[in-house]
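Computed from the coordinates by the stated procedures, all read-outs in this text should not be read as laboratory data. A quick note: this is a predicted structure, and the numbers were derived from the prediction, not measured. Glycine gets a Cβ as well: all are built from the backbone with ideal geometry, and neighbour counts include every protein chain shown.
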Amino acid sequence: MKLQTTLKTSFDRYPSELILSVLLALMYLPLIAHWYDGWLNKTISLEHEYFSHGIIGLPFAAYIIWTKRDRWRDLDDRFNPLGAVLLGLGGVLYVSRMPDFVNLSFPIVLAGLSLGLKGHPGFKLMAFPWLLVLLATPNDLPYLIAPFSEPLQSFIAGTAGFILTQWGLDVTVQDILLLVGGRVVEVAPHCAGFKMLFTTLYVALMLLYWTGSLKSKKTTVVFLLCAVAISVITNILRNTFLTLFYGTGRDELFHWLHEGWGGDAISAFMLLALIPTLAAIERLREALSGSDTIESV
């Protein structure tokens with residue numbers, strides 16, 4: 001009885017939102033379940049694995065939307081024509097049966113609903129969770145940028161070769177190839193670190209929002225730059241050890257780091273490093289703002 005009363009009260013307060021939520025669930029829950037199955041069991045395409053940060057990002061976006069439900073209700077109902085256009089576009093993409101188009105219809109429909117129900121203020125209120133959904137939506141962007149990754153591959157190969165040389169190994173670097181112990185290691189496009197970079201920046205955005213630091217443009221820019229540096233350095237070290245293990249015949253360690261849980265462990269430590277990094281940036285910002293206050297006095 002209590003549950004029925006709660007549901008009736010919720011329906012009375014948010015009738016259109018609840019109806020639309022049910023429709024969205026019927027349309028997109030099977031799709032999102034497919035994403036999760038692919039991300040968790042690695043049965044999704046290699047390019048779509050780049051968006052596995054959605055495992056934590058989509059629930060976080062749903063949580064943010066839930067916390068803003070009262071502010072959403074208090075907004076005046078207003079129609080923005082762009083919302084109708086986006087809803088139409090999302091509907092066309094959804095029925096196209098092309099996987100990437102169906103995927104992209106999800107954030108497009110969400111944007112259309114926000115603009116169609118509450119206008120620009122509604123979209124602005126839900127802009128950050130919408131961004132999290134957009135950045136977690138699988139598409140072929142990694143495939144499109146792969147041809148432009150060769151300079152980064154060469155840089156990683158050269159840096160890894162330099163590090164291994166300092167460790168006393170005989171290493172020859174040829175563009176994106178490293179020759180160690182008679183074995184050849186290639187820094188392939190998928191080893192250039194884009195997946196790691198996408199995940200790092202995504203989690204960095206989540207941390208900025210969670211801590212309230214997103215309101216500071218300086219903190220946001222500095223932290224995102226630090227996140228890029230952490231990602232690049234981590235990927236260089238990962239490729240260095242992969243080359244070391246493969247070149248010295250330690251195949252078990254190579255496979256552990258390349259395809260096993262060793263790579264996941266490195267990614268986890270990399271993401272954990274973002275927390276003290278943001279804390280240090282905040283302390284520095286507070287210290288600098290405090291010194292400015294003293295000088296002005």
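Structural remarks
- Average Cα contact separation per residue, the chain, under 8 Å, 6 or more apart, as relative contact order %: 15 percent
- Over the chain: helical MRE at 222 nm, DSSP H runs n ≥ 4 each giving -39500 (n - 2.57), nearest 500: -25000 deg cm²/dmol
- Taking every alpha-carbon pair in the stretch 110-161 and binning the separations at 10 Å intervals from zero gives 21, 26, 21, 18, 11, 2 percent.
- Estimated inter-spin distance, Lys217 and Glu150, nm [label 7 Å along Cα→Cβ]: 3.8 nm
- Pairs exceeding a 30 Å alpha-carbon distance, out of Lys124/Lys218; Lys42/Lys118; Lys42/Lys218; Lys42/Lys215; Lys124/Lys195; Lys118/Lys195: Lys42/Lys118; Lys42/Lys218; Lys42/Lys215; Lys118/Lys195.
- Separation in nanometres of the label points that stand 7 Å from Cα toward Cβ, at Arg250 and Phe269: 1.3 nm
- Estimated inter-spin distance, Val85 and His190, nm [label 7 Å along Cα→Cβ]: 3.8 nm
- Cα extents for the chain along the principal axes, largest to smallest and rounded to whole angstrom: 73, 65, 41.
- Taking 0.36 nm per residue of sequence separation and removing the Cα-Cα distance, the Leu179/Arg73 pair yields an extension gain of 31.9 nm.
- Compared with the dominant Cα axis of the chain, that is its longest principal axis, helix 81-94 is turned about 60°.
- The stretch 149-296 has equivalent-ellipsoid semi-axes of 36, 16, 13 Å, by the square roots of 5 times the alpha carbon gyration tensor eigenvalues, sorted largest first.
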